[in-house]
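Visitor: This is the structure, below, for whatever I ask next.
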Ligand code: FES
Ligand code: FES
């Protein structure tokens, strides 16, 4: 066990953790930030996606000891009032079905739009292809990313 201080959504959080504790467990079980979801635990579904220094990252396979001073952003910190262009587009298009995958989808899309504010269909497809949705909301997800890119 060691004491780790993590910069999450602009705030410092401190917790005593085993060095191999995955970030997802830290967020959900230790800090109560439950927006990122556990889907597979093996970096295969994207439900646990957060940003590490702005890059979409699967928190289920990232040990806390590897984070260092990097800034972590979770869905809770993506915007002040849930009004990120993607969140507005998600509302407008009514994207979610069960909702389980959606935080990961939005975080992956947010990283895409940060690097490429006007992605074409292929770029959206490619960026989002690793985020699985068991409800099959893929068309609405794509439409919402496009809408956010247009409006953002
Ligand atoms: S829970 Fe992390 S990728 Fe599936
Ligand atoms: S909305 Fe149900 S898994 Fe994507």
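Visitor: Going by what's in this entry, would residue 52 be described as within 16 Å of ligand 2 (Cβ to nearest atom), more than 13 Å from residue 131 (Cα to Cα) and within 10 Å of the chain's Cα centre (by Cα)?
Guide: Answer is no for this residue.
Visitor: If I go through the range 51-63 residue by residue, how many of them are crowded, with 21+ Cβ neighbours inside 10 Å and in contact (Cβ under 8 Å) with a residue 40 or more places away in the chain?
Guide: 3
Visitor: Now for a different question. Going by the structure shown, is residue 118 more than 11 Å from ligand 2 (Cβ to nearest atom) and not in a helix (DSSP H, G or I)?
Guide: It is true that residue 118 is more than 11 Å from ligand 2 (Cβ to nearest atom) and not in a helix (DSSP H, G or I).
Every read-out reported here was derived from the displayed coordinates using simple, explicitly stated rules and does not represent laboratory data. Fair warning: this is a prediction, and the values are worked out from it, not measured in the lab. Reconstructed Cβ throughout: ideal geometry from the backbone, glycine too, with neighbour counts over all protein chains shown.
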